[in-house]
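S.K.: Before we start, here is the structure in question, set down as structure tokens.
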Amino acid sequence: MIRRSIKKLAAIGLSVLMLSSFMVGCGSKGSDDKSVASNSSELKEVKLKMYLIGDKPADFDEVYAKVNEKMKEEINATLEVNFIPWSDMTTKYQLLFQSGEDFDLIFTAAGWGYYSQVATKNGFLELTDDLLKEYAPQIYANEPADAWNQAKIDGKVYMVPNDRNEYGTNVFAYRGDLASKYGFESITSYDELEAFMDAVAQGESGNGIKVMANGGGQNLQWPYMIERYGFSTVSGAPTPSIGYDVNDTSGEVFAFVDTPEYMEYVTKMKEFADKGYWAADSISSQATRDEDFVAGKTAIMTWNLSTVANRTVEMNAANPDWNATLLDLSEGVNRVVQPYTNNGIAINANSKNPERALMAIELLRYDEEINNLTWYGIEGEHWENSAEGEYTSLEGSDAFPAGEVCPWGWYTTKFARTSSTEPEIVQETITKWSDNYTVSNPLAAFSFDDSNVKNEMAAVGNVITQYGVPLDLGMVDDVEAGVKEFREKLTQAGFDKILEECQRQATEFVKSYN
């Protein structure tokens, strides 16, 4: 498909009209590919700079050298990849656009990945139908219609979403050996989990084991408040500040800080922090919740089902005596499936090579060799094909963990594989959620457009960091006073204007959706 596109471009060239409308409509500097040859080797060689989220694994350069071999052969382009660590995402992601950083591609996501925040500030290239048809024909043909609709902001698309719906519900994993040590045959409730955490905090601190790693309170906001009570967050709103009840399809949104559930949650976080569940420097710590868990530095972790399952397998392979165990405490609570836009990839509006960048996305998604490399690493070194639709991680996979090197933006069901060691509980849990606890809500596909409240968004983001995060981590002297001050600072920053604008848009969206 890529070669056919190149041949077509060779026949018609890139007309002056197309280039003009492309640059005016998208704010791009344009490309030097004014005339594209039928062979990729005759294209001007370009290096595409891409940003991914997370930490760079040891074998990344080796794996992406092979990606670049194939990409150069196909479109005469290579990728230069930089990483934004999880701990720096809130400060560095939007700064790339504000500072005018020269790059081409970046991972993005509605809600947690700054999609609407950047798109409404003209940071992403608009992906028109004509561009997609020309440079990413397979994506254009195969992307679900709902995915494109979810990606639209004011009627325009600025990302290529992945092509799967998935659950974002948080689950836990805990050290089974420590549970046995303190007399827990199993853990099946929040009360039992907290009793176990108390035991760890009291009995394991001398052994260098904490209950949770960096940002323990923030990590717990979803399973302890948002998801526990059947809430969800509004994509594009300051995270996590505005939400909705998944069982209420009226389109009503609300501020979490104004709910009794929030007060209950931050009170609990204060209790946990005072008991020493996480490190005192958690606000600034670079520790990660999953890596510290696998390394045996913490007794529990919480994240989405897939990540937790992968980490329990990894831990049990390295230290089977630790008996890492997956725990779902969300039974009985309804949830929505996450939108396609929960993971995607976008092109910088100032990319010097936007056409080639879009062709690269097409290859990342639909070239099987490239897709497998970015998802699983080098076959025979990091993984092996164990059965149709499955993979088995090899000893070298620690240097390039399958599915964990931010390939989520170009996920496709066409080439997706399941780990041969995936615990049965994963599919059992998904089936349980799907059959019993999943509801439809139009707001699951809604993305807030902050173009009318840009100044307020920036101010509120600063307030959340300064006053909200300490509450999340239980690092305040007086919870009630802390919440009161947080709400007052939000009001001063213009949060109520954001909430009002969000409600207006949500109401209109639900009317249109219905």
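The values are calculated or read from the model by the stated rules, or taken from the named source; none is laboratory data. Quick caveat: nothing in here was measured; it's all calculated off a predicted structure. Please note: Cβ atoms are built from the backbone with ideal geometry, for glycine as well, and neighbour counts cover all protein chains shown.
S.K.: Go through 116, 186 for me and flag whichever is hydroxyl-bearing (Ser, Thr, Tyr), part of a loop (DSSP other than H, G, I, E, B) and either modelled with pLDDT under 95 or farther than 30 Å from residue 320 by Cα (or both).
M.R.: That would be 186, the only listed residue that is hydroxyl-bearing (Ser, Thr, Tyr), part of a loop (DSSP other than H, G, I, E, B) and either modelled with pLDDT under 95 or farther than 30 Å from residue 320 by Cα (or both).
S.K.: Would you check if residue 229 is of a type in the set (Phe, Trp, Tyr), closer than 26 Å to residue 481 by Cβ and part of a loop (DSSP other than H, G, I, E, B)?
M.R.: yes
S.K.: State all residues of the stretch 82-92 that are surrounded by fewer than 20 Cβ atoms within 10 Å (Cβ to Cβ) and within 15 Å of residue 406 (Cβ to Cβ); if no residue qualifies, say none.
M.R.: Of everything in the stretch 82-92, those that are surrounded by fewer than 20 Cβ atoms within 10 Å (Cβ to Cβ) and within 15 Å of residue 406 (Cβ to Cβ) turn out to be 82, 83, 85, 86, 87, 88, 89, 92.
S.K.: Separate question: Output the number of the condition that residue 141 fails; it satisfies all remaining conditions of (1) part of a helix (DSSP H, G or I); (2) of a type in the set (Gly, Ala, Ser); (3) over 16 Å from residue 411 (Cα atoms).
M.R.: (3)
S.K.: Right, next: Tell me whether the stretch 472-488 contains one or more residues that are closer than 23 Å to residue 116 by Cβ and touching a residue at least 60 places away in the same chain (Cβ under 8 Å).
M.R.: Within the stretch 472-488 (the criterion being closer than 23 Å to residue 116 by Cβ and touching a residue at least 60 places away in the same chain (Cβ under 8 Å)), the answer is yes, since at least one residue qualifies.
S.K.: Still on this structure, I have one more. Against the condition at pLDDT 95 or above, within 21 Å of residue 219 (Cα to Cα) and not charged (D, E, K, R), how does residue 494 come out, does it pass?
M.R.: No, not satisfied.
S.K.: I need the full set of residues from the stretch 201-221 which are surrounded by 21 or more Cβ atoms within 10 Å (Cβ to Cβ) and either in contact with a Gly (Cβ under 9 Å, 6 or more places away or on another chain) or under 16 Å from residue 315 (Cβ atoms) (or both), in order please.
M.R.: Selection gives 210, 211, 212, 213, 216, 217.
S.K.: Tell me, please, whether a residue that is more than 20 Å from the chain's Cα centre (by Cα) and touching a residue at least 12 places away in the same chain (Cβ under 8 Å) can be found in the stretch 401-413.
M.R.: no
S.K.: Based on what the data block shows, is residue 404 outside any helix (DSSP H, G or I), buried (at least 18 other Cβ atoms within 10 Å of the Cβ) and not aromatic (Phe, Trp, Tyr)?
M.R.: Answer is yes for this residue.
S.K.: Further question on the same structure: Buried (at least 22 other Cβ atoms within 10 Å of the Cβ), of a type in the set (A, V, I, L, M, F, W, C) and touching a strand residue (DSSP E or B) at 6+ places or on another chain (Cβ under 6 Å): is that true of residue 136 in this structure?
M.R.: When the stated conditions are applied, residue 136 does not pass them.
S.K.: Looking only at the stretch 66-81, filter to residues that are hydrophobic (A, V, I, L, M, F, W, C) and under 30 Å from residue 289 (Cα atoms); which one of those is surrounded by the fewest Cβ atoms within 10 Å (Cβ to Cβ)?
M.R.: Looking at the filtered set, the residue picked out is 81.
S.K.: Provide a single number: the residues in the stretch 318-370 that are under 20 Å from residue 428 (Cβ atoms) and among the polar types (S, T, N, Q).
M.R.: 5
S.K.: Since residue 387 meets every condition but one in (1) out of contact with any Ser or Thr (no Cβ under 9 Å at 6 or more places or on another chain); (2) under 23 Å from residue 311 (Cα atoms); (3) surrounded by fewer than 21 Cβ atoms within 10 Å (Cβ to Cβ), which condition does it not meet?
M.R.: (1)
S.K.: Within the stretch 395-430, track down each residue that is of a type in the set (Ser, Thr, Tyr) and over 30 Å from residue 254 (Cα atoms).
M.R.: Residues satisfying the conditions are 397, 411, 412, 413, 418, 419, 420, 421.
S.K.: Which pairs turn up if I take residues in the stretch 269-296 that are without any contact (Cβ under 8 Å) to a residue 60 or more places away in the chain and look for partners that are small (Gly, Ala, Ser) and surrounded by fewer than 19 Cβ atoms within 10 Å (Cβ to Cβ) with beta carbon separation below 9 Å, at least 6 apart in sequence or on another chain?
M.R.: From the stretch 269-296, the pairs are 284/87; 294/318.
S.K.: When you check residue 168 against the structure, is it outside any helix (DSSP H, G or I), modelled with pLDDT under 95 and either out of contact with any Lys or Arg (no Cβ under 9 Å at 6 or more places or on another chain) or not basic (Lys, Arg) (or both), yes or no?
M.R.: yes
S.K.: Here is a list of conditions, (1) touching a residue at least 40 places away in the same chain (Cβ under 8 Å); (2) in a helix (DSSP H, G or I), and residue 214 meets all of them except one; can you say which number that is?
M.R.: (2)
S.K.: What number of residues within the stretch 303-351 are in a loop (DSSP other than H, G, I, E, B), farther than 24 Å from residue 105 by Cβ and over 23 Å from the mean Cα position of the chain (by Cα)?
M.R.: Qualifying residue count, the stretch 303-351: 4.
S.K.: Suppose the filter is in contact with a strand residue (DSSP E or B) (Cβ under 8 Å, 6 or more places away or on another chain) and touching a residue at least 24 places away in the same chain (Cβ under 8 Å); does residue 263 pass it?
M.R.: Here the answer is no, as residue 263 does not meet what is asked.
S.K.: Which residues, taken from the stretch 278-302, are under 14 Å from residue 175 (Cβ atoms) and in a loop (DSSP other than H, G, I, E, B)?
M.R.: Those that are under 14 Å from residue 175 (Cβ atoms) and in a loop (DSSP other than H, G, I, E, B): 295, 296, 297, 299.
S.K.: Is it the case, given these coordinates, that residue 147 is touching a strand residue (DSSP E or B) at 6+ places or on another chain (Cβ under 6 Å), at pLDDT below 95 and either at positive phi or buried (at least 16 other Cβ atoms within 10 Å of the Cβ) (or both)?
M.R.: Here the answer is yes, as residue 147 does meet what is asked.
S.K.: Any idea which of 261, 271 is farther than 30 Å from residue 455 by Cβ and either at pLDDT below 95 or surrounded by fewer than 22 Cβ atoms within 10 Å (Cβ to Cβ) (or both)?
M.R.: 271
S.K.: Run residue 161 past the list (1) modelled with pLDDT under 95; (2) crowded, with 24+ Cβ neighbours inside 10 Å and report the number of the one that doesn't hold.
M.R.: Answer for residue 161: the failing condition is (1).
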